[in-house]
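Have a look at the structure below before the remarks.
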Amino acid sequence: MAARGAGYPGTMDKPQGGRSSPRSDDEGLPPDALPPAVTRLVTRGVQVGEGLVFLALTLLLFAIAVLVLVQTTHNLLLPPQREAFAETVTRSLNGVLFVVIVVEVLRTIVARFQGQGFRLQPFLVIAIVSTVRHILTVAARLSLVGDQNGPALILELLANAGVVLVLVTALVMLRRWAMLDEA
């Protein structure tokens, strides 16, 4: 009778007394101690739990996006009295870009539900939007602060612009690579 792991190199100890004992599976892990039915049940339970967690995350992220959008609209239409117009617009733009980031994360979770798995492209888009959002915030600070801390803020803008350039290049390369795979 063939022992478990037979046919996989390195999975069996040397025979002792005519019997082989499993040493490890093909990944170097010890053999499963649970019966296959229990393993399937545990795997199914984890899959259901994962689906419930993703569903809860989806609902929570959607609620966050709606709340931020409502709050941003309210703050844009009825800004605080002592806030400069440039600061109000910057804060509103920051809120809208935050909503775009949340929506991209939602799209990634929905794609996961549809069986597409996790993809790199949405995360690159999120990183680009997030970095542009930071650039806009720094630029607004620079316009409000003026010469005070100007060189440090300009250096920060340049560094962020470099990050955006690298991320956009990665996104373009990823899309071209995907088009080559389809051809």
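The values are calculated or read from the model by the stated rules, or taken from the named source; none is laboratory data. Please read these numbers as outputs of a predicted model, since none were measured by experiment. So basically every Cβ, Gly included, is an ideal-geometry build from the backbone, and we count neighbours across all protein chains shown.
A count restricted to the range 32-58 and to residues that are within 29 Å of Val105 (Cα to Cα) and surrounded by 11 or more Cβ atoms within 10 Å (Cβ to Cβ) stands at 7. Within the range 98-124, the set of residues being more than 19 Å from Phe54 (Cα to Cα) and crowded, with 18+ Cβ neighbours inside 10 Å comprises Phe98, Leu124.
Considering only residues that are surrounded by fewer than 17 Cβ atoms within 10 Å (Cβ to Cβ), assigned to a helix (DSSP H, G or I) and either modelled with pLDDT of 90 or more or among the charged types (D, E, K, R) (or both), which ones fall in the range 79-91? Working first, answer last.
To start, the set of residues in the range 79-91 that are surrounded by fewer than 17 Cβ atoms within 10 Å (Cβ to Cβ) comprises 79-89.
With the extra rule that they be assigned to a helix (DSSP H, G or I), the set shrinks to 85-89.
Once the filter is applied, which keeps residues that are surrounded by fewer than 17 Cβ atoms within 10 Å (Cβ to Cβ), assigned to a helix (DSSP H, G or I) and either modelled with pLDDT of 90 or more or among the charged types (D, E, K, R) (or both), the range 79-91 yields only Glu87.
Filter the range 151-176 down to the residues that are within 18 Å of the chain's Cα centre (by Cα) and small (Gly, Ala, Ser) and list them by number. Matches in the range 151-176: Ala170 only.
Does Leu76 qualify as being crowded, with 17+ Cβ neighbours inside 10 Å and of a type outside the set (D, E, K, R)? Explain how you work it out, then say what you get.
Values: crowded, with 17+ Cβ neighbours inside 10 Å: no; of a type outside the set (D, E, K, R): yes.
No: the conditions fail for Leu76.
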